[in-house]
Amino acid sequence: MPADRSPTPRIRWAALVAVALVLAGLGACSSDASDGATATSSTAGASTVVDPSSTTAAAGDVGAATAPPSTDPIAAPAVEAFTGSLDDFYRVPDPLPAGPAGSLIRTQTVAQDATSVTLRVMYRSVDVAGTPRAVTGIITYPTAAAPEGGWPVVAWAHGTSGLATQCAPSRLGSPAPDFGVADVVRVATDYIGLGPIGERHAYLSGPSEAHSVIDAVRAARTLPDAHASATWAAIGHSQGGHAALWTNELGASYAPELDFRGTVVVAPAAMLTETYGPKDQIVPRTVGIMALYGVATVDPRLDPDDYVSDLVAERSTVLDTGCLDQIIQQLASIFDDDFYVKDPLHTEPAETVVRENDPGQVAVAAPLLLVYGTKDDWVVPDRVHALFDRLCSEDQVTDLVRIDGADHGTVMTQDVPVFTEWLTERLAADPATPPDACADGWS
């Protein structure tokens, strides 16, 4: 049975738009970012760095995109210490500088105090089609003397914020979260396509999300002052839960030079082909339409116009001009009969693409902690129960924690020690055998 957590007071959201505002906050949508803001960068990360990997893949070959990197040495390029405007940071150099996945392109110091330094970064990754991409994000590292071997790394995968550059959490410049875990380097990716100006985020493209998370860890390891070790773990919520599940599946194979210890998955977007009762409309509708337009940016098999109504196509411009709250405001009022002309869950090739990007269908050695709230109307408990059953059927080591009274927002704040304890144990020099709730089930 899942571990039980006592309820605390929570906020009940009266409408879908209110839920969107909470999720936008969790995803750190920054549509109010000043276009002309400037910041001065230090020289942190501006030296020539070590090659973190040399992952390559053939275009269109999903398997190749996750192949282990070559061991051949590649000279990593010098890193730009960026001093321009906020918007200019998100303009990708043309041509994209050469370098392996995980190599830094530019850095900008956004915060520094007695205990830590926070950098806004741009680094290289690779999408599901094998195309090299520039990705933005945040790296926060301790200023204290590092232990022998360096600091462990915690990688954060954020929830849904939107599909366009103004929604990138790194625009806020906030330190990457540590979830109470002491003495770690923290990384927080924006995901492929979300940060750079002129691009659209490959929303719910599983391998693309995972690569951007993993390559953020590699990027941290190239910063001499960060002293990041090879040991790392991940945590993700909502869309980030989807990314975290894919990160768990690909972490060891995509970056075998790292020591991957496992993942915390909170209220994830998963079981994407299913609907669980009349209240379960968020994942199939709003998440579904964002995924259709997002995955289409990296998968040529998809053309959203083959599936959506003229009204949805007309309002889809909000995907490039707004963030999550504006997207839901535009799409939530469209009736079911006016939404799709062909249901992508039951029409090829979209049906196959959805299944390919649905996580939890394989087992790997890295353990999972699956967390959900009993009052979550976005990722309803039955969806998490079904995912847990799927993971256990694959013999994936999975612990399960139910947080009573928590909704989709408060599940991340109501009982932080759940995350702290699990991540601290996994990152220990000699971690204990991870708990596995599969024998007990979720009931």
Subject >> Cβ-Cβ FRET estimate between residue 428 and residue 374, R0 fixed at 30 Å, reported to 0.05 >> reply: 0.50
**OP:** Name the shape class, rounded, prolate or oblate, that the alpha-carbon gyration tensor gives for segment 186-264, where a ≥ b ≥ c are the square roots of its eigenvalues, rounded holds for a/c under 1.5, and otherwise prolate holds if a/b is larger than b/c and oblate otherwise.
**Re:** oblate
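Let me check against my output: what whole-number percent is the relative contact order of segment 286-362, with C-alpha pairs under 8 Å and at least 6 apart?
Rounded, it is 32 percent for segment 286-362.
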Subject >> segment 282-342: C-alpha gyration tensor shape, a/c 1.5 cut-off, then a/b vs b/c >> reply: oblate
Subject >> 87, 399, 306 arranged by Cβ crowding within 10 Å, fewest neighbours leading >> reply: 306, 87, 399
Original post:
Which distance in nm do the two modelled labels at residue 343 and residue 389 give, with both placed 7 Å along the Cα-to-Cβ direction?
Top reply: 2.0
**OP:** Could you let me know the centre-to-centre spacing of segment 122-198 and segment 279-326, using Cα atoms, in angstrom?
**Re:** 25
Subject >> Sites residue 333 and residue 439 - FRET efficiency at Förster radius 41 Å, r taken between beta-carbons, to 0.05 >> reply: 0.35
**OP:** Taking the Cβ of each residue in 179, 260, 335, 419 as the centre, tally the other Cβ atoms inside 10 Å and list the residues starting with the fewest.
**Re:** 335, 179, 419, 260
Original post:
When only C-alpha pairs under 8 Å and at least 6 residues apart count, what is the relative contact order of segment 345-412, in percent?
Top reply: 40
Subject >> Cβ-based net charge around residue 399, under 12 Å, with every Lys or Arg adding one and every Asp or Glu removing one >> reply: -2
Original post:
When Rg is the radius of gyration of the Cα atoms in segment 203-360 and Rh is its Kirkwood radius, what does Rg/Rh come to?
Top reply: 1.03
Original post:
When 186, 315 are ordered from fewest to most other Cβ atoms inside 10 Å of their Cβ, what list results?
Top reply: 315, 186
Original post:
Shape call for segment 266-311 from the C-alpha gyration tensor, a ≥ b ≥ c root eigenvalues: rounded (a/c under 1.5), prolate (a/b greater than b/c) or oblate?
Top reply: oblate
**OP:** Give a quick list of GluC sites (Glu not before Pro) in segment 382-443 that DSSP marks as loop, anything other than H, G, I, E or B, with at most 16 other Cβ atoms within 10 Å.
**Re:** 394
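Each value in this text was obtained by applying a stated rule to the coordinates, not by laboratory testing. Worth saying up front: this structure is predicted, and the values here are computed from it rather than measured. Note that each Cβ is placed from the backbone with ideal geometry, even for glycine, and that neighbours are counted across all protein chains shown.
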